[in-house]
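A.B. asks: Sharing a structure below in structure tokens format, with a few things to ask.
The values are calculated or read from the model by the stated rules, or taken from the named source; none is laboratory data. On a predicted model such as this, the values are computed, not experimentally measured, just so you know. Cβ atoms come from the backbone with ideal geometry, glycine included; neighbour counts cover every protein chain shown. Areas reflect the complete protein model, heavy atoms only, side chains present, ligands, DNA and RNA absent. Shrake-Rupley method; radii C 1.70, N 1.55, O 1.52, S 1.80 Å.
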Amino acid sequence: MATPYIQEWEKLIKSMPSEYKSSARRFKRAYEIVTTEAEPEVGLTPKEVIWKKNKAKLYRYTPTQEKLHKTPILLVYALINKPYILDLTPGNSLVEYLLERGFDVYLLDWGTPGVEDSGMKLDDYIMDYIPRAAKKVLRHSKAPNLSVLGYCMGGTMTAAFAALHDELPIKNLIFMTSPFDFSDTGLYGAFLDERYFNLDKAVDTLGNIPPEMIDFGNKMLKPITNFYGPYVTLVDRSENQRFVESWKLMQKWVADGIPFPGEAYRQWIRDFYQQNKLINGELDIRGQKVDLKNIKANILNIAASRDHIAMPHQVAALMDAVSSKDKEYKLLQTGHVSVVFGPKAVKETYPTIGDWLQKRSK
């Protein structure tokens, strides 16, 4: 049903000169999309919970065909936003793609932290959650080894986990736009410079860091593009229904942030962005130094050429830091999110991952 505002728009359009009607119709359609249309459904691939810890859940996706590869794959996402970006919509889902190629797919969902979780540290995720999830995958799949795919910060955490748990049979590691070297982080370096950003005061005051604060910081890397660009593009292409559906999916995910546990955030900013401890071999996780040389698994390391969150040089730094003999660095012509969602993801990212895994999952 049309709202009074839309009805007024319709009357106004009828009275306009013909050369303005097309633009007005697109603006009216964009208004309808933003204000009256329902949000799209996401994460629709069938799955079951096979393990829980605190807010976290480990999902096993329902196979769509006979399992063709012995080695299961565990997906690990960041501590911000929600991991359904890996399973956004049918036809544009990395999870769905891997299932269709006969892989046994699992995903570790961190859940939504509450105020009671503000004391959670990276140590807890790297030493407790990821290892236990990995062991559960091995038991559930009855496989002798596993693959782990980490996206964004999830890949950085996965690298630390793999370096500290060489007793686990990790056969393959896939990193997707994950930063490892923080010596040059672009505008993040200016935003988070300890001379100007009082990290301790932020954490001590807020406890968990609100998702709006994280989102604002990310968008400020390219403010015009990120704050206004999506809506300008929507008005321009509002009569293209295929574009509209993709736009709605992406805006839902971008706005669906979760709090960042305070102590984990303190470590993430200080140890990585401010002091660059990981690549320098100085990162301490529960009393142990993280030495990336301990990683010997096969590695596929994916960077995105237009990524301003995890720039290619930050991603590529891993290659010389590990001991893996089978390692490949792949630079795709995408952005930080379009590497996993959109036409380029479907045509390039998914096959790159699938083909690489298939050869190493026997």
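A.B. asks: Can you list the strands (runs of 3 or more DSSP E) found entirely within the range 26-123 that contain at least 1 residues being in contact with a strand residue (DSSP E or B) (Cβ under 6 Å, 6 or more places away or on another chain) and open to solvent by 20 Å² or more (accessible area, probe 1.4 Å)?
C.D. replies: 47-53, 56-61, 105-109
A.B. asks: Would you point out the residue of the range 164-179, among those that are touching a strand residue (DSSP E or B) at 6+ places or on another chain (Cβ under 9 Å) and within 20 Å of Asn280 (Cβ to Cβ), that is surrounded by the fewest Cβ atoms within 10 Å (Cβ to Cβ)?
C.D. replies: Taking the candidates together, the pick is Leu164.
A.B. asks: Find all pairs meeting these conditions: Cβ atoms under 6 angstrom apart; at least six residues apart or on different chains; first residue within the range 207-230 and touching a residue at least 24 places away in the same chain (Cβ under 8 Å) and aromatic (Phe, Trp, Tyr); second residue open to solvent by 30 Å² or more (accessible area, probe 1.4 Å) and outside any loop (DSSP other than H, G, I, E, B).
C.D. replies: As it stands, the answer is none, since no pair meets every condition given.
A.B. asks: If you don't mind, there's one more thing I want to ask. When the range 154-191 is examined, which residues are found to be under 25 Å from Arg139 (Cβ atoms) and hydroxyl-bearing (Ser, Thr, Tyr)?
C.D. replies: Thr158
A.B. asks: Next question. Would you say Glu263 is open to solvent by 20 Å² or more (accessible area, probe 1.4 Å), under 30 Å from Thr205 (Cβ atoms) and without any contact (Cβ under 8 Å) to a residue 24 or more places away in the chain?
C.D. replies: Judged against the criteria, Glu263 is not a match.
Rundown of residues vs (1) under 14 Å from the mean Cα position of the chain (by Cα); (2) among the hydrophobic types (A, V, I, L, M, F, W, C); (3) at positive phi, yes/no style:
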residue: Asp87; (1), (2), (3): yes, no, no
residue: Val95; (1), (2), (3): yes, yes, no
residue: Ser118; (1), (2), (3): no, no, no
residue: Tyr125; (1), (2), (3): no, no, no
residue: Ile130; (1), (2), (3): no, yes, no
residue: Ala133; (1), (2), (3): no, yes, no
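A.B. asks: Then there is this: Would you check which residues across the range 229-267 are assigned to a helix (DSSP H, G or I), among the acidic types (Asp, Glu) and closer than 18 Å to Ile85 by Cβ and list them?
C.D. replies: Matches in the range 229-267: Glu245 only.
A.B. asks: If Arg270 passes every condition in (1) assigned to a helix (DSSP H, G or I); (2) crowded, with 17+ Cβ neighbours inside 10 Å; (3) in contact with a helix residue (DSSP H, G or I) (Cβ under 9 Å, 6 or more places away or on another chain) but one, which one does it miss?
C.D. replies: For Arg270, the exception is condition (2).
A.B. asks: Please work out if Asn280 is over 18 Å from Ile126 (Cα atoms) and free of Cβ contacts under 8 Å to residues at least 12 places away in the same chain.
C.D. replies: The answer is yes for Asn280.
A.B. asks: Quick check on my filter: what residues within the range 189-215 are loosely packed, with under 13 Cβ neighbours inside 10 Å, at pLDDT below 95 and not in a helix (DSSP H, G or I)?
C.D. replies: If the condition is that a residue be loosely packed, with under 13 Cβ neighbours inside 10 Å, at pLDDT below 95 and not in a helix (DSSP H, G or I), then Asp193, Arg195, Tyr196 are the ones that fit.
A.B. asks: State which residue pairs qualify: first residue at pLDDT 95 or above and inside the range 51-69, second residue open to solvent by 90 Å² or more (accessible area, probe 1.4 Å) and outside any strand (DSSP E or B) in any location, beta carbons under 8 Å apart, and separation of 6 or more residues or different chains.
C.D. replies: Trp51/Arg132; Lys53/Arg132
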